[in-house]
Amino acid sequence: MIDIKLLEHLETYLTESRLHRFQKVLNERTKHFTVATEDVYQLHNTSAVMRSCDVFGIQEVNIIEETNSKSIDREIAMGAQKWVDLNRYHSVKDCIKDIKKKGYQIVATTPHTNDCELYDFDVTKKSCFFFGRETEGLSDEVLKEADVFLKIPMVGFTESLNISVSAAITLQHATSKLKKTTIDWQLTEAEKLEKRLDWCKKTIKSHDEIVKRYYEEQ
């Protein structure tokens, strides 16, 4: 349960422009789609995917680090790690289990005999887009559990795109199409309150001291 009075107190430390920005961004956020990256080798690729999620309003990012464990490259993410929620997993199995428990279908972004082109993708279903390793692609475990195989149409000699580019193209198309539907894709009011409090704490310097002083004065 969010302490509304505390939230309102913390928001007095923010400028009107910052508060307006928070509200504007929150109104565009969604959990209808989420993204999962599987053991991506290059650190900047994972960070760039996070940045794309922030840009296109995806609130949750799932990072599988079964083989490669890494810290987020702050320079590449450009602050995105402050605004999106990170779920980290040590195995593909645990990630898929959690994703399915939350009601998402597994979308494997890879060419397949039964694949669906991006423009034909059904955005009405809650979906988690899985992006694989730079060279090997997605693991057999993800492919076995996939509900949909999605590909980006390409007409050149190059047969693949960088993972961060693929994520950006996929998310831009899917979110744009989603917002033209009547689906209730936005965060709930409770989720918005939670993020307002979270973002306040990540924005205000010495917020711990402010919170402590606030409760001492109650």
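The values are calculated or read from the model by the stated rules, or taken from the named source; none is laboratory data. Since we're looking at a predicted model, the values are computed, not measured. Virtual Cβ from ideal backbone geometry, glycine too; neighbours counted across all protein chains shown. Ligands, DNA and RNA are stripped out before the accessible areas are found, and what is left, the full protein with its side chains, is counted by its heavy atoms. Shrake-Rupley method; radii C 1.70, N 1.55, O 1.52, S 1.80 Å.
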remark   = By residue number, the members of the range 86-101 that are more than 29 Å from PRO153 (Cβ to Cβ) and in contact (Cβ under 8 Å) with a residue 40 or more places away in the chain are LYS93
inquiry  = ALA167 - would you say it is open to solvent by less than 30 Å² (accessible area, probe 1.4 Å) and touching a residue at least 12 places away in the same chain (Cβ under 8 Å)?
reply    = yes
query = Restricting the range 1-21 to residues that are assigned to a loop (DSSP other than H, G, I, E, B) and aliphatic (A, V, I, L, M), which is modelled with the highest pLDDT?
reply = LEU14
request  = Would you point out which residue out of SER176, SER164 is assigned to a helix (DSSP H, G or I) and under 25 Å from SER91 (Cα atoms)?
outcome  = SER164
Only one of THR188, THR175 that is surrounded by fewer than 17 Cβ atoms within 10 Å (Cβ to Cβ) and at pLDDT 90 or above = THR188
request  = Find the residue count for the range 110-133, including only residues that are part of a loop (DSSP other than H, G, I, E, B) and touching a Leu at 6+ places or on another chain (Cβ under 7 Å).
outcome  = 5
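Restricting to the range 148-172, give me the number of residues that are of a type in the set (Asp, Glu) and either touching a Leu at 6+ places or on another chain (Cβ under 9 Å) or at pLDDT 95 or above (or both).
0
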inquiry  = Take the conditions out of contact with any helix residue (DSSP H, G or I) (no Cβ under 9 Å at 6 or more places or on another chain), surrounded by fewer than 13 Cβ atoms within 10 Å (Cβ to Cβ) and under 27 Å from LYS97 (Cα atoms) and apply them to LYS144. Does it pass?
reply    = yes
request  = Taking the options LYS24, LYS70, LYS31, name whichever one is surrounded by fewer than 16 Cβ atoms within 10 Å (Cβ to Cβ), modelled with pLDDT of 90 or more and basic (Lys, Arg).
outcome  = LYS24
